[in-house]
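What follows is a short report on a single structure.
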Amino acid sequence: MRLVCVVLSWNGREDTLAALESLGGIETICVDNGSTDGSAEAVAERFPEVELIRTGVNLGFAAGNNVGIRRALDRGADWVALLNNDAYVDSGFAEALAAAAERHPDAGVLACKVYVVDPTDVLWYAGGSFDPRLGYSGRVRGSGQRDDGGFEQELDVDWATGAALAVSREAIERAGLLDEELFAYLEDVDWCLRIRAAGLRVVLVPSAKAWHKVSASTGGPASPTSIRYHCRNTLVVCRRYRPLPRAGEAAREAVVIATHTLQALRQAGRGRALWAVVRGWRDYRRGRMGRLA
């Protein structure tokens, strides 16, 4: 198994350097997605062995990663791992993925177990489900819990988080790359649904561990920017994979909007967060895709 890791870097120089440091010994490509804080220069100086690609502009999560994925495939990768620049992995990361790929030859995606950065034993992701009928993924498995050894089983999941996953060349050939129209959020869900529809599995590999600051590049998971993209893209992905009659579509929109509204109401700046929900819904209804102004 030839594994090539793609780190998508934006602003956050020290985070990017920490991510690359954790990947020592793994063939790595760093895509600098239009950073303005000297991240690219720091990577070139500190890690001359890492291939650095500068996009010159923020292409978004999907398009930025696709740049790196294409290059990894050109370099002969059998598997491509994605790692956010605000994440880092443990020393057994590559070996855990290689062993899991051998155990699961019909897997197209290997999902990593992801912790928050502080405290480091609290889980953020240990598997995820997604029901496009309702537009609700439920509580992410393990989220917010201390890892007490109860999340060590390899099992099939609906989706892997794009913060730390590995995807096979075969999966990409069957299902394509990340959907660049989504720009940010739900691209990983959409990708995994496509890969599963193409006949390959998405398997959680608990021994492949990462730690993640969670949405640092967009201001946090509850920022207005995050809420707007998440609301729009949830509606798009649900309709894509489970179209419903008109009454069903309306009911699903109501569920998605209500879910995001409840999240917005819990924020300190609830006015801006609520407006972000409205804007995300409008974007969906008007077919506004890609990066939002």
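Just so it is clear, none of the values below were taken in a lab; they were calculated from the coordinates. It should be emphasised that the depicted structure is a prediction, and the values quoted were computed from it without experimental measurement. Because the Cβ atoms are built from the backbone with ideal geometry, glycine has one as well, and the counts that use them run over all protein chains shown.
Listed values, structure above:
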read-out: Label-to-label distance, nm, for residues given as D90 and Q145 (7 Å Cα→Cβ offset); value: 1.7
read-out: Computed over the stretch 224-286: relative contact order in percent, which uses C-alpha pairs under 8 Å that are six or more apart; value: 56
read-out: Karplus-derived HN-Hα couplings along the stretch 206-212 (A = 6.51, B = -1.76, C = 1.60, θ = phi - 60°), whole Hz, x at Gly and Pro; value: x, 6, 8, 10, 9, 10, 9
read-out: J(HN,Hα) series, the stretch 267-283, from Karplus relation 6.51 cos²θ - 1.76 cosθ + 1.60, nearest Hz, glycine and proline x; value: 8, 4, x, 5, x, 5, 5, 5, 5, 5, 4, 4, 5, x, 5, 4, 4
read-out: Most mobile of G127, G176, G68 in a GNM of the chain (Cα contacts under 10 Å); value: G176
read-out: Share of Cα-Cα pairs in the stretch 224-286 lying beyond 17 Å, as whole percent; value: 34
read-out: The stretch 15-66: relative contact order in percent, alpha carbon pairs under 8 Å with at least 6 residues between; value: 40
read-out: Additional length obtainable on full extension of the chain from R70 to L244, 0.36 nm per residue less Cα span; value: 59.2 nm
read-out: Peptide ranges 49-57, 265-273 listed from the most packed, as the mean C-beta count within 10 angstrom indicates; value: 49-57, 265-273
read-out: Efficiency of FRET from Cβ geometry, R174 and R285, R₀ 30 Å, rounded to 0.05; value: 0.40
read-out: Over the chain, relative contact order from alpha-carbon pairs under 8 Å, at least 6 apart, %; value: 19
read-out: Least to most buried among D190, D90 (fewest other Cβ within 10 Å first); value: D90, D190
read-out: Spatial separation of Cα centroids for the stretch 88-125 and the stretch 250-285, in angstrom; value: 32
read-out: Within the chain, helix-based [θ] at 222 nm, where runs of 4 or more DSSP H residues each add -39,500 (n - 2.57), nearest 500; value: -12500 deg cm²/dmol
read-out: Cβ crowding within 10 Å averaged over residues, with 277-285, 204-212 ranked highest first; value: 204-212, 277-285
read-out: Distant-in-sequence amide H partners of A81 (H built 1.01 Å from N, under 5 Å); value: V4, C5, V6, V167
read-out: Packing-based order for 78-86, 10-18, 253-261, 150-158, using average beta carbon neighbours within 10 Å, highest first; value: 78-86, 10-18, 253-261, 150-158
read-out: Amide H contacts of W159 (H built 1.01 Å from N, under 5 Å, at least 5 apart or other chain); value: G128
read-out: Label zone at E181, where the point sits 7 Å out along the Cα-to-Cβ direction: the stretch 226-245 residues whose backbone N lies under 18 Å; value: 229-244
read-out: Gain upon complete extension [E49, V278; 0.36 nm per residue less C-alpha separation]; value: 77.9 nm
